[in-house]
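Working notes, structure below.
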Amino acid sequence: MMMKRLLAAAVLTLVCTFNPMASQAADGEGKYAVRGAGSTPCRQLAAAIDSKDANVRRDAVLLYASWLNGYLSYVNRVEKETYDIVPLTDSAHLLAVVVGQCRQNPDALVETVSAQVIAVLAKAKIAAESPLVELKVGDQKGNFRQATLMALQEKLIEKRYLKGKADGFFGGQSQQALRAFQKAEKLRESGFPDTETLMRALLK
């Protein structure tokens with residue numbers, strides 16, 4: 001719930017220069033055709049994800065995550081000084097953020113909401129090529145761009161939870177510092193940079 005409120009507020013207040021396809025794929029009235037899964041209403045995506053049928057949920061995740069990855073790849077290709085426009089490498093986590101916003105905007109197209117989410121997350125974009133780092137903390141694991149982990153460490157240093165220099169290798173001291181940050185923000189104190197923690201640290 002907190003992540004939904006945070007993202008909703010960010011969409012409304014964040015001034016971001018990223019505006020996908022605004023100047024190069026629109027007609028004289030600023031309109032453009034939306035293709036594929038992105039052209040469906042948000043209520044359809046939310047209904048599929050909330051379905052009691054496991055097969056429907058699985059198929060929806062595969063379909064919309066695949067479309068979202070293609071959309072992101074195109075944005076990465078055309079945006080200047082951008083290697084990866086969002087800090088989340090797991091498409092399922094990004095899709096979860098999109099679904100959360102879709103539930104609040106059922107009449108909007110999935111593409112419209114996806115563009116808004118990407119615009120907010122672009123504040124923490126990766127400007128240059130950065131390798132993936134596999135991170136495991138307790139029972140949680142995931143892959144992150146080294147540049148994203150460095151940005152997170154820099155925030156922890158700035159907030160005086162961590163000492164030293166950011167290196168992108170999220171070891172014991174960084175995990176301990178992150179737990180302190182999570183405690184202060186009333187998040188799960190895991191020491192793992194989950195989606196809500198990353199958004200709170202990098203976008204707030």
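Values for this structure:
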{"read-out": "Gaussian network model of the chain, Cα within-10 Å springs - most flexible of R103, R145, R160", "value": "R160"}
{"read-out": "Normalised contact order of the chain, rounded percent, pairs of Cα under 8 Å and 6 or more residues apart", "value": "20"}
{"read-out": "Most mobile of Q173, Q146, Q101 in a GNM of the chain (Cα contacts under 10 Å)", "value": "Q173"}
{"read-out": "Neighbour-limited loop hits for chymotrypsin sites (Phe, Trp or Tyr not before Pro), segment 25-131 (at most 15 other Cβ within 10 Å; DSSP other than H, G, I, E, B)", "value": "Y32, Y83"}
{"read-out": "Assigned charges on the beta-carbon of Lys, Arg, Asp, Glu; the chain dipole about Cα centre (debye)", "value": "680"}
{"read-out": "Residue among A108, A96, A33 with the largest mean-square fluctuation in a Gaussian network model of the chain, springs linking Cα atoms under 10 Å", "value": "A33"}
{"read-out": "Accessible area per residue in Å² at 1.4 Å probe, computed on the chain", "value": "56"}
{"read-out": "At least 24 Å along the helix axis (C-alpha) and Kyte average at least -1.0, DSSP helices within the chain", "value": "54-78"}
{"read-out": "Accessible-area composition of segment 22-151, carbon plus sulfur, in percent [1.4 Å probe]", "value": "49"}
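The values are calculated or read from the model by the stated rules, or taken from the named source; none is laboratory data. Since this is a predicted model, take the numbers as computed values, not measurements. Neighbour counts are summed over all protein chains in view; Cβ atoms, including those assigned to glycine, are modelled from backbone coordinates with ideal geometry. With ligands, DNA and RNA removed, areas are computed over all heavy atoms of the protein, side chains included. Shrake-Rupley method; radii C 1.70, N 1.55, O 1.52, S 1.80 Å.
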